[in-house]
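Comments concern the structure below.
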Amino acid sequence: MSTTESRLPGSAQRVADLLAELGHDKPVVMLPDTGKTSAEAAAGLGCSVAEIAKSIVFRRLADDAAVMVVASGVNRVDESKVAAQVGPLGRADAKFVKTRIGYAIGGVCPIGHVEKTVMLIDEDLMKLPSVWAAAGHPHAVFNLTPQQLQAMTGAPVADVALREAASA
């Protein structure tokens, strides 16, 4: 274990350990300021907001399952597109996310969930050479390719972005 990893908060260390088990070669990085929003994370990393892979969690109404959409930081998730693929959705509050996923909002990681999670990956992420995802803590992130994200999660790639109609 490196000295950097030994100073990680518990939830971020859990992600670092999981990444090591998966053979991932990039470390968990602690941002000096919060990465709770895509813009904050991008500013701290010096990357574009599009390169932030944000994890948005919903509650599937049919069976109360957690549904996670890993979306590009510049996109708003179109709930109707997600619901068309996984079924009607409801809001997931902080307690639901912490209980079902295992991370607090602001640091929700796309891997290492406590329960099986229904997942979709935003097709716009697949156009990027690399992305940054939360690593279990509001200040913790890790870098990976979109292909690695898909391999780690097994999630299908889908059109989940809300597209604004062009103005006349």
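The values are calculated or read from the model by the stated rules, or taken from the named source; none is laboratory data. All figures in this text were calculated on a predicted structure; none of them were measured in a lab. So basically every Cβ, Gly included, is an ideal-geometry build from the backbone, and we count neighbours across all protein chains shown. These area figures cover heavy atoms from the full protein model, side chains too; ligands, DNA and RNA do not enter into them. Shrake-Rupley method; radii C 1.70, N 1.55, O 1.52, S 1.80 Å.
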Scan segment 99-117 and tell me whether some residue there is outside any loop (DSSP other than H, G, I, E, B) and open to solvent by less than 10 Å² (accessible area, probe 1.4 Å).
no
Single residue of ALA71, ALA53, ALA62, ALA20 found to be within 19 Å of VAL118 (Cα to Cα) and either open to solvent by 40 Å² or more (accessible area, probe 1.4 Å) or more than 13 Å from the chain's Cα centre (by Cα) (or both)
ALA62
Residues of segment 158-168 being open to solvent by 40 Å² or more (accessible area, probe 1.4 Å) and either farther than 13 Å from GLY73 by Cα or of a type in the set (Ser, Thr, Tyr) (or both), which ones?
ASP159, ARG163, GLU164, ALA165, ALA166, SER167, ALA168
How about segment 44-71: which of its residues are within 15 Å of VAL141 (Cβ to Cβ), part of a strand (DSSP E or B) and not hydrophobic (A, V, I, L, M, F, W, C)?
LYS54, SER55
Checked pairs for segment 29-42, first within 21 Å of LEU19 (Cα to Cα) and assigned to a strand (DSSP E or B), second open to solvent by less than 70 Å² (accessible area, probe 1.4 Å) and not β-branched (Val, Ile, Thr), C-beta under 6 Å and 6 or more apart or across chains, list as MET30/HIS139; MET30/ALA140
Inside segment 125-157, the number of residues satisfying the requirement of being surrounded by 18 or more Cβ atoms within 10 Å (Cβ to Cβ) and more than 18 Å from LEU22 (Cβ to Cβ) is 4
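Is it true that GLN85 is in a helix (DSSP H, G or I) and in contact (Cβ under 8 Å) with a residue 60 or more places away in the chain? Outline the logic, then answer.
On the way: in a helix (DSSP H, G or I): yes; in contact (Cβ under 8 Å) with a residue 60 or more places away in the chain: yes.
Answer is yes for this residue.
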